[in-house]
Structure formats: C-alpha cells, structure tokens
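Coordinate-derived values only; no laboratory data. Predicted model only: the values in this text are computed from it and were never measured. Note: ideal-geometry Cβ built from the backbone for every residue, glycine included; neighbour counts use all protein chains shown.
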Amino acid sequence: MLLAFRSAFASERVTATAIEANEFPRLSQELGVRAVPRIVVDGEPRWDGAVPEAEFLRRILAAT
Amino acid sequence: MREWFADLDRPVELFVALGPEETPRAGAGDADFGAEMVRLCEGLAELGEHVTCRVEEEPAGFPRFPAVSIRPDGRDTGVRYDGLPWGYELSSLVGAIVEAGREEPTLRPESLAALATLDRDLALDVFVTPT
C-alpha cells in the first residue's frame with residue numbers, strides 16, 4: 001500500500017486510494033477481490049500481492 | 001509514533017469524510033466505522049503538532065464513507081484511505097502521514113525518474129483487509 005501512496009505523493013499525475021475490502025463488499029465483488037492486496041489501475045484489476053518497488057513501478061507504468 | 005511525527009518537515013492534515021456507510025461483509029464487526037475513524041484520526045493528531053484532523057459530513061469527491069484524505073500542507077494530492085484502517089493497516093495510514101510530512105519523496109531516484117515520464121493521469125486503487 002505504501003508504494004502506491006508514495007507514488008501519489010511523488011507525482012501529481014498519480015492518485016492512490018486504499019480500500020478496505022470488508023467494508024465495501026459490493027465494490028470488492030465487482031472487482032473480484034479474493035486476495036489482498038489487489039492492485040487496480042484506472043479501474044482495471046491488474047495483480048494481487050505485494051511486489052518490490054522497481055517491479056511495482058514497472059507494472060503500473062506498463063498499465064498506462 | 002510521536003518521534004516520527006515530530007520529525008515531519010511540513011504539516012499534514014487528516015481530512016475525515018463521513019456519510020452513509022455500506023453494510024460491511026459479515027465478520028467485519030459491528031463497529032461504528034465513522035465514529036472509529038474520527039477517534040483514530042483525532043488520536044493521531046494528538047501525537048504530533050504537525051498533524052491535524054478535520055471532519056466533514058459528505059464532502060464532494062468522496063464516493064465511500066468513512067474515508068480519510070491525507071493532505072500535505074492541507075492540499076489534496078489524491079491520497080486517500082476508504083474505510084477504517086485498523087489492525088495491520090493502521091501502519092499504512094501512519095506511513096502515509098510520515099510520507100506526506102516529508103519535503104522529499106522516499107522513492108528511489110530511478111522510480112521518480114520513471115514516474116516523471118507519465119504523460120497522463122493514473123488512478124491506483126489498492127484493496128486491503130485489516131489482517
């Protein structure tokens with residue numbers, strides 16, 4: 001989660017929201033959340049699980 | 001935590017948004033999430049003079065409640081936590097406050113360079129649970 005927050009603080013282009021899956025079950029179901037952390041980029045589920053910083057940046061930028 | 005907050009370079013506002021809440025998944029507990037969010041953020045604000053807490057009912061731009069926007073110098077930079085960050089997830093909120101309070105980002109230089117290549121907006125949503 002912190003990598004997403006850090007990216008958003010570092011770039012005016014990036015926003016980052018943590019969403020507590022149990023409190024928002026409808027949205028979680030819509031996005032097929034079964035494992036956490038689930039990373040969603042521009043509304044599209046991309047991957048589940050924590051990854052190192054370089055890989056995180058590579059994946060979010062590849063999603064654009 | 002007091003020491004981390006004492007080292008902040010700039011003020012950080014915790015902007016708490018309250019409003020109608022979705023019925024949580026069974027097992028999420030029967031807590032009053034909004035009231036707990038206010039209690040949590042006010043408690044964090046008491047730990048450092050650079051951290052403040054402001055609460056509003058149904059402010060614009062918040063699709064889910066409760067939520068907290070973490071704002072360096074009171075500016076909305078698009079960092080938000082929807083739902084109550086309890087358990088292990090409290091560390092994510094504290095980490096966000098510490099990062100917001102820094103003048104210089106903590107990402108590696110190569111990561112900052114990669115972000116600088118972005119030529120359009122990017123919205124990251126990260127689903128978490130309080131394990």
Study note, to complete from the structure: Across all Cα atoms of chain B, Rg and the largest Cα-Cα distance (Dmax), in Å, are 15.4, 45
Check your understanding: D for the protein assembly as shown, whole µm²/s, Stokes-Einstein with Kirkwood Rh over alpha-carbon pairs at 25 °C and 0.890 mPa s: what number?
Key -> 146 µm²/s
Study note, to complete from the structure: Projected onto their principal axes, the Cα atoms of chain A stretch, largest extent first, over whole-Å spans of 30, 19, 19
Review point. Contour minus end-to-end for B:ASP76 and B:ASP9, with contour as 0.36 nm per residue of separation and end-to-end as the Cα-Cα distance?
Key: 22.4 nm
Point to revise | Extension gain from B:ARG39 to B:ALA116, taking 0.36 nm per residue of separation minus the Cα-Cα distance | key: 24.0 nm
Check your understanding: To the nearest whole number, what is the average tally of beta carbon atoms from other chains within 10 Å of the beta carbons of peptide B:111-119?
Key -> 6
Review point. Of all DSSP beta bridges located in the range B:2-116, what percent are antiparallel, nearest 5?
Key: 55 percent
Point to revise | Computed FRET value (nearest 0.05) for B:GLU22 with A:ALA50, which takes r as the C-beta separation and R₀ as 30 Å | key: 0.70
Check your understanding: Relative to the longest principal axis of chain B, what angle (0 to 90°, nearest 10) does the C-alpha long axis of helix B:33-45 take?
Key -> 40 degrees
Exercise for review: Just tell me how shielded A:35-41 is by partners: mean number of partner chain Cβ atoms within 10 Å of each residue's Cβ, no decimals.
Suggested key: 5
Point to revise | Relative contact order [Cα under 8 Å, 6+ residues apart], chain A, whole percent | key: 21 percent
Check your understanding: Of B:PHE62, B:PHE127, A:PHE24, how do they rank once you tally other Cβ atoms within 10 Å and put the fewest first?
Key -> B:PHE62, A:PHE24, B:PHE127
